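Inspection log for the structure reproduced underneath, given as structure tokens.
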Amino acid sequence: MLQQQQGDQETLWKKVLDDVRLELSENSFVSFFKNTKLLQTNEGAAEIGCLNSGVGFVLQNKYRDIIINSLSKYSGSTISRLTFKTGKDINKPDPGPLFVKRAATKEDLIATSGIVPTLSFDNFAVSVSNQMAHAAALGVANSPGNQYNPLFLWGGVGVGKTHLLSAIGRKAIENTKAKVLHCSAEDFTNSLVEAIRNKKTDLFRKKFRQLDVFLLDDVQFISEREFVQEELFYTFNKLRSLNKQVVLAADKPPRFLQKIEKRLVSRFLSGLIVDIQPPDFELKTAIILIKAQEKKLNLDIETAKLISSNLEEIREVEGFLLTLLAMQRAGLKINRDSVEKKLLQSSSQKTSTITPKEIINAVSFETKIKLRDIRQDNRKKQIVLARHLIMYFLKTITNLPYEDIARLLGKKDHTTVMHAVSKIINQIPKDESLRRRVEAIKNYLS
């Protein structure tokens, strides 16, 4: 549209100059009209560009009438006033901006927000252990600054804190194109140190204090960093005063965070505090199936249950799934037998300070079966179960050779141990009572 207007003005001015040229000598025309330009016409006025104020003075006082008459004739409207703009570059075409600034899309905002793009509410598995945290996070994402501000999520490693932070950020951007930033406490600290070093603290504050949603992960790592805590305190206050959303995540509730200023802890306590418990067997199985699907890993539900019942932390599960994915890409079959074998190999790579005696005592305590009964060739169901549990834990925790486990329990044939370990591994996903007993023994050992 702008280019069309400029073209119309150039055409109009060329017609005016043709008329003027007929009325003036060539010398006068070149001296006063050669480097002129019609800049705009608006409501009976015309603005003409010329090289200097002297030329403008002559045009206004000597050639005003001829210019006005000609402009009125060719423009189709009455021109009664002339103004002049002087400058060396008035005849140079306006190149416009070097780069046309494109409005940021939702994808642009997500890419620059620091959130993990693949983590959303759609692929967050919900169960009893995290349903309150999920509901609170969804409420915050749908109405930033108006519900649960601040929202403080806490829990151990791999329970889904970072997933929920990213999901909040993504949803807020998708709903309102909110200005979102997700970072860890370490990133916040590094940015502040860099800003201080380069004397750009104003830019740092502008970056963090003009957000719509601020998502800060691993808050526990600002302990003993007084200058960081002070900056976070004022950033927090500024955002809250503007009704902007703050979401924080840590491994402990606010009151148990070590060496963090009381005034900052009090700010954390002023909102909703939600703990996220470790995923139970069912939730962990669902997470495994979701992550397997994302990785295009062919995994059936029974195999997912097998993995869930034998691996504790989600981080460990993710690493194990990558191992299975590598096997699949290598053309190897993924089934219960191959997964069981990999689980045993995985346990053999772990290091543990737990001794065989501690394992035997833990199983004996949980099952109420004494070691002398376990070592005897007694076929009672509860004694056999206790014996098998000891074999299972000795193999998966201490990684003793099968022969040594057999000898420790007074057995001659190590294949008995192999059978027992395999049986427990495969029975845990199917037997809830056994699963609870295994968890109880693990808790005792930890």
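Against the chain, whose longest principal axis comes from its Cα atoms, helix 2-23 is set at around 10 degrees. Our coupling estimate for region 140-156, obtained by passing each phi through the Karplus curve with A = 6.51, B = -1.76, C = 1.60 and θ = phi - 60°, is 5, 5, 7, 8, x, x, 10, 9, 6, 10, x, 9, 10, 9, 9, x, x Hz, Gly and Pro reported as x. Overall, region 107-275 carries a charge dipole of about 600 debye about its Cα centre when +1 sits on the Cβ of Lys and Arg and -1 on the Cβ of Asp and Glu, all other atoms neutral.
Under 5 Å between amide hydrogens, built in the peptide plane, is the criterion, and for Phe84 it picks out Ile48 among residues at least 5 positions away or on other chains. Of the options (i) 50, 23, 18; (ii) 78, 26, 18; (iii) 35, 27, 20, only one is semi-axes √(5λ) of the Cα gyration tensor in Å as computed from these coordinates, and that is (ii). A dipole drawn for region 273-341 from +1 and -1 charges on Cβ atoms has a positive end, and of Ile334, Val274, Ile314 the residue lying farthest that way is Ile334. If you plug the beta carbon distance of Lys262 and Phe227 into 1/(1 + (r/R0)^6) with R0 = 22 Å, you get a FRET efficiency near 0.85. Where the centroid of each part is defined by its Cα atoms, how far is region 391-427 from region 33-88 in Å? Centre-to-centre (Cα) distance: 101 Å. Using every alpha carbon pair in region 107-275, what percent of pairs falls into each 10 Å bin from 0 up to the bin containing the largest distance? So the P(r) values, bin by bin, are 11, 42, 37, 10, 0.
Of the beta bridges in the chain, as assigned by DSSP with both residues counted there, near 20 percent are antiparallel.
A Förster radius of 45 Å, combined with the Cβ-Cβ distance separating Thr112 from Glu282, puts the computed FRET efficiency at roughly 0.75.
Taken along the Cα-to-beta-carbon direction at a fixed 7 Å, the label points for Glu318 and Ser270 span 3.3 nm.
Residues in region 33-40 carry Karplus couplings, in order, of 10, 4, 9, 9, 7, 7, 7, 6 Hz; the curve used is 6.51 cos²θ - 1.76 cosθ + 1.60 with θ = phi - 60°, and Gly or Pro positions show x.
In this simple spin-label approximation, Thr415 and Leu332 carry label points 7 Å from Cα along the Cα→Cβ vector, and these lie 2.5 nm apart. The Cβ shell under 13 Å around Thr176 holds other residues with a net charge of +4, Lys and Arg each +1, Asp and Glu each -1.
The sum of -39500 (n - 2.57) across all DSSP H runs of n ≥ 4, divided by the residue count of the chain, sets its helix-only mean residue ellipticity at 222 nm to -17500 deg cm²/dmol. Roughly how tilted is helix 381-393, in degrees to the nearest 10 and between 0 and 90, from the longest Cα axis of the chain? The helix 381-393 is inclined about 50 degrees to the chain. Note on Asp8 and Ile290: their simple-model spin labels are 5.8 nm apart, each label 7 Å out from Cα toward Cβ. Computed from point charges on the beta carbon alone (+1 for Lys and Arg, -1 for Asp and Glu), the dipole magnitude for the chain about its Cα centre is near 1140 Debye.
In region 2-86, the C-alpha radius of gyration followed by the widest Cα-Cα span (Dmax) gives 11.9, 35 angstrom.
Throughout, read-outs are computed from the coordinates displayed, never taken from laboratory work. Bear in mind that the values here come from a model prediction, so they are computed numbers and not experimental data. For neighbour counting, all protein chains shown are included, and Cβ atoms are generated from backbone atoms with ideal geometry for every residue, glycine included.
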